[in-house]
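Here is the structure we will look at.
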Amino acid sequence: MGVDAEVTGSELLQFIIAGLKNGSIYALVALGFTIVYASTKAINFAQGEFYMFGGMFAVFFLSGLGMPLALAALVSVITVTAVGLGFDRVAIRPRRDAGPLTLIIITIGGSMVFQSFARHAFGPDERPLPVFTAGPSIDFFGAAIERQTLWIWALTAVAVVALTILYTRTKLGRAMRACMENREAARLMGIDTNRVVTISFGLAAGLGALGGLVVTPLTQTAFNVGPSMGVKGFAAAILGGLGNPLAAVAGGITLGLLESLSIGFLSSTYKDVIALAVLLAVLVLRPEGLFSRASREKM
Amino acid sequence: MSLLAVREVTKRFGGLTAVDAVSFDTHEGQIKAIIGPNGAGKTTLFNVLTGFERPEDGTVTFDGREVVGMRPHRVVRAGVARTFQNTQLFDEMSALENALVGRFPRTRTGMFSASLRLPGTAKEERLAQEEAAKTLRLVGLGDASSVPAGDLPHGRRRLLEIARALATEPRLMLLDEPAAGLNSSETEALAEVLYRIRAEGITLLVVEHDMGLVMEVSDDIVVLNEGKKIAEGPPRLIQKDPAVIEAYLGEEEADA
């Protein structure tokens, strides 16, 4: 559906709100990519599956086991974090020194295994999750903000703030940044780099799961939603600059806005093309990403 | 008793014997230099002493414990720190944070509990901050603690690497060409720092090409050539040693 008429102010605002909503989810998934990349120099193509698991496990704990929604959400994040930790221990660690390409192929295999597992365990159907807070949308200068969107923003903000504190104020965060920059030197300083990689996978899985479960009330979820979200998150991470967590957040928000405004000003047909176009353009024109400092000349 | 005892260490790479049956001792409180023409095996020897390379033969005993077979971070924990020929800093992190990473082997609480801010960790973090700041002051970087390492000029980067190694609270420090790329006033400042480190009770083993610095600061010198030890002794004797002079003259002729 093309938009021929001029976009009004409140419509524009509505597109921006939608962009910020999707962008927050992309940011959470992109964070997962950058955190794992930082410690392994590999792209984790199972990241989209962590997103899918977040929603699917929450549905399972809620409908299958009858947990209250808040508990189901919490247990889902914890479960998926454990899946991430286990994935590293079982599949990644034994081949840790084999180089990024091998690791990437392992993660593609992991993605397939996770998807098949979800299909068999939870079935092939789309699964819903109730909104966290019921009630009508909130009117904001003529645009409507769904209450679930506020949850998405709030939880994304909490995750980003917590991650920032982790990176800048804690010993674990310093260890992670040290490994990110110079693994050999970090090892020499007595940092257990294997442990840092394991924790990275756990964190990435938890963040992906959070994104998946908080968006499910609006979109529903299914065993096969992972790969397309993986592409979006990967594009966002590349757009921001791989290896820099805060840049990944900016990349996610930017991608969400670009997509949403393209619906407003061009056509919704192009929405999914945007992520891939952005991915290609950034890789060709500015491989270090938009929001990342160009890597320094090493002495 | 010697702090570091190196006995008959041999390291081969394929057909090349990089270190050939080298033995020497380093005593507590010494500044000992290892010199030799390029390719003499100095850096390989350092790699063996710090667990980065495993020798085919020989033993390395530090404070009565065998170092051969230990992984690098274990060697650091045992009390041996090192710096690299090519500075290996964490460029995006501030000078203080670099030194704080050096505190890792000395902090008790695990990475997890420290992040959860369990009791005891706040105190330990404060102590770590103080110690890290102290090492920066010791090398003369007290004014640069919040500057990202990547923004520091070359000479100060080398000092920061020394500070980070110091933060691990070593008993023995191995410095690989600390004066490389420094101008003469920076080299003088470096000599001061080396004396200060020794005054802290830390033993130093230094690979260095700057003969002025070596002759000034070292108590004792080991000379390597083509992987073999060809001389050992105080600077005054080494300068007159015919084998040493020949090794260096031979190199100059080859260079010409």
Mean-position separation - Cα centroids, region A:1-64 and region B:38-89, in angstrom: 47
To the nearest 20 debye, what is the magnitude of the charge dipole of the protein assembly as shown about its Cα centre, counting +1 on the Cβ of each Lys and Arg and -1 on the Cβ of each Asp and Glu? 1760
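Quick one: dipole size for region A:16-285, taken about the Cα centre, charges +1 on Lys/Arg Cβ and -1 on Asp/Glu Cβ, in debye to the nearest 20.
Computed charge dipole of region A:16-285: roughly 740 debye.
Using Cβ counts within 10 Å as a stand-in for footprinting exposure, how do B:M215, A:M112, A:M56 rank, fewest first? Before the final figure, lay out each step's value.
Numbers: B:M215 16, A:M112 13, A:M56 31.
With the fewest neighbours first, B:M215, A:M112, A:M56 line up as A:M112, B:M215, A:M56.
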Using Cα positions and a limit of under 19 Å, work out the lysines in reach of B:K123, with same-chain residues fewer than 8 apart set aside. A:K171, B:K134
Given backbone amide H placed at 1.01 Å from N, residues whose amide H is under 5 Å from that of B:I34, ignoring those fewer than 5 places away on the same chain, are B:V206, B:V207, B:E208, B:V222
Between B:E188 and B:R236, what length in nm is gained on full extension when 0.36 nm per residue of separation is reduced by their alpha carbon distance? 15.3 nm
Counting only residues 5 or more apart in sequence or on a different chain, those whose built amide H sits under 5 Å from that of B:K228 are B:D20
Taking neighbour Cβ counts within 10 Å as the exposure measure, how do A:K171, B:K228 sort from fewest upward? B:K228, A:K171
30 Å Cα-Cα reach of A:K271 towards lysines, excluding residues that sit fewer than 8 places from it in its own chain: A:K21, A:K41, A:K232
Choice from A:A159, A:A73, A:A236 with maximal GNM fluctuation in chain A (Cα, 10 Å cutoff): A:A159
Along the charge dipole of region A:16-285, which of A:Y167, A:Q220, A:A247 sits closest to the positive end, that is, farthest toward it, with unit charges on the beta carbon of Lys, Arg, Asp and Glu (+1, +1, -1, -1)? A:Y167
Calculated FRET value between A:A70 and A:T219, using beta carbons and R₀ = 22 Å, to 0.05: 0.65
Any chance you could give the angle, 0 to 90 degrees and rounded to 10, that helix B:121-138 forms with the longest Cα principal axis of chain B? 40
For chain B, modelled as a GNM with alpha-carbon contacts under 10 angstrom, which of B:R77, B:R137, B:R236 fluctuates the most? B:R236
How many nm is it between the label spots at A:L280 and B:V147, if each spot is 7 Å from the Cα in line with the beta carbon? 4.6
Env charge @ B:G233, Cβ radius under 9 Å, K,R +1 / D,E -1, value -2
Along Cα→Cβ, 7 Å out, is where each label goes; now give me the distance between the ones at A:A162 and A:S228 in nm to one decimal. 2.9
Can you put B:E66, B:E208 in order, fewest other beta carbons within 10 Å first? B:E66, B:E208
Relative to the longest principal axis of chain A, what angle (0 to 90°, nearest 10) does the C-alpha long axis of helix A:100-122 take? 50
Crossing angle, helix A:9-40 versus chain A [Cα axis fit, 0-90 degrees, rounded to tens]: 10
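Residues with beta-carbon under 11 Å from that of B:V19, excluding B:V19: net charge, scoring Lys, Arg +1 and Asp, Glu -1?
That works out to -1.
Multiply the residue gap between A:F291 and A:V273 by 0.36 nm, knock off their C-alpha separation, and tell me the result in nm, one decimal place.
Values: separation 18, 0.36 × 18 = 6.48 nm, distance 2.18 nm.
The span from A:F291 to A:V273 would gain 4.3 nm if fully extended.
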Relative intensity, log₁₀ I(q)/I(0), of region A:59-133 from a Debye sum that treats every alpha carbon as a point, q = 0.24, 0.27 Å⁻¹: -1.12, -1.25
Take chain A, connect every pair of alpha-carbon atoms lying under 10 Å apart with a spring to form a Gaussian network, then pick out the residue of A:L74, A:L20, A:L246 with the largest mean-square fluctuation. A:L74
Computed Kirkwood radius, in angstrom, where 1/r is averaged over Cα pairs of chain A: 19.6
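Here, each number is a calculation from the coordinates, and none is a lab measurement. As the structure is a prediction and not an experimental result, all values here were calculated from the model. Heads up, the Cβs are rebuilt from the backbone with ideal geometry, glycines too, and the neighbour counts pull from every protein chain shown.
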